[in-house]
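The values are calculated or read from the model by the stated rules, or taken from the named source; none is laboratory data. Owing to the predicted nature of the structure, the values given are computational and were not obtained by experimental measurement. With ideal geometry, Cβ positions are generated from the backbone for all residues, glycine too; neighbour counts draw on all protein chains shown. Side chains are part of the model used for accessible areas, which takes the heavy atoms of the whole protein and leaves out ligands, DNA and RNA. Shrake-Rupley method; radii C 1.70, N 1.55, O 1.52, S 1.80 Å.
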Amino acid sequence: QEQLVESGGGSVQAGGSLKLSCAASGFMFSSCQMGWYRQAPGKERELVASISSDGATTYADSVKGRFTISQDNAKNMLYLQMNSLKTEDTAVYYCAAGWIVPDPVSCDFGHWGQGSQVTVSS
């Protein structure tokens with residue numbers, strides 16, 4: 001059974017920092033992409049950052065320059081370093097994994113963890 005377990009969430013004041021971790025286990029195949037999603041109350045789940053198997057990264061415009069995604073494949077870990085946090089960053093953060101699909105070939109996210117709450121206060 002594939003599992004993605006997030007940790008490191010909590011409450012911080014605006015301007016503070018927090019680091020999220022995601023431990024992956026039980027995967028039969030290597031993912032082509034890993035990422036972090038978040039969902040704030042009353043809003044749709046959005047992709048915050050992603051990292052491909054070759055190390056290429058992407059970030060949502062709202063977090064560029066403040067968040068950094070990284071991975072340690074040997075330890076099956078994914079991380080999200082969050083700096084200069086804003087109240088708008090308050091959300092449940094989810095670790096996600098994607099696999100190659102054909103016709104046309106793409107790497108789609110299809111598995112998410114249970115989520116970790118991040119609350120940023122003013």
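Packing-wise, with mean Cβ within 10 Å as the measure, how do 16-22, 33-39 rank, highest first?
Details: 16-22: 17.7, 33-39: 22.1.
Averaged packing, sorted descending, gives the order 33-39, 16-22.
What dipole magnitude, in Debye to the nearest 20, does the chain give about its Cα centre under +1 on Lys/Arg Cβ and -1 on Asp/Glu Cβ?
On the way: 8 positive and 11 negative charges, 82 e Å.
With Lys and Arg at +1 and Asp and Glu at -1, about 400 debye.
Roughly how many percent of the accessible protein surface of the chain is carbon and sulfur, given a 1.4 Å probe and a whole-percent answer?
Details: 3350 of 6830 Å².
Here it works out to 49 percent.
Mind checking the per residue accessible area of the chain for me, 1.4 Å probe, whole number of Å²?
Working: 6830 Å² over 122 residues.
So the chain comes to 56 Å² accessible per residue, rounded to a whole number.
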- Query: Which semi-axis lengths, in whole Å and largest first, follow from the square roots of five times the eigenvalues of the Cα gyration tensor of the range 61-122?
  - Reply: 26, 14, 13
- Out of residues 5 or more away from residue 76 or on other chains, whose amide H comes under 5 Å of its own, with H placed 1.01 Å from N in the peptide plane? none
- Task: Could you work out the Rg to Rh ratio of the range 1-116, with Rh taken as the Kirkwood radius (inverse of the mean 1/r over all Cα pairs)?
- Result: 0.96
- Whichever lysines have a C-alpha closer than 22 Å to that of residue 43, once near sequence neighbours (fewer than 8 apart) are set aside: 64, 86
- With no solvent and one point per C-alpha, what does the Debye sum give as log10 I(q)/I(0) for the range 1-69 at q = 0.11, 0.27 Å⁻¹? -0.33, -1.44
- So how compact is the range 30-84: Cα radius of gyration and Dmax in angstrom? 11.8, 37
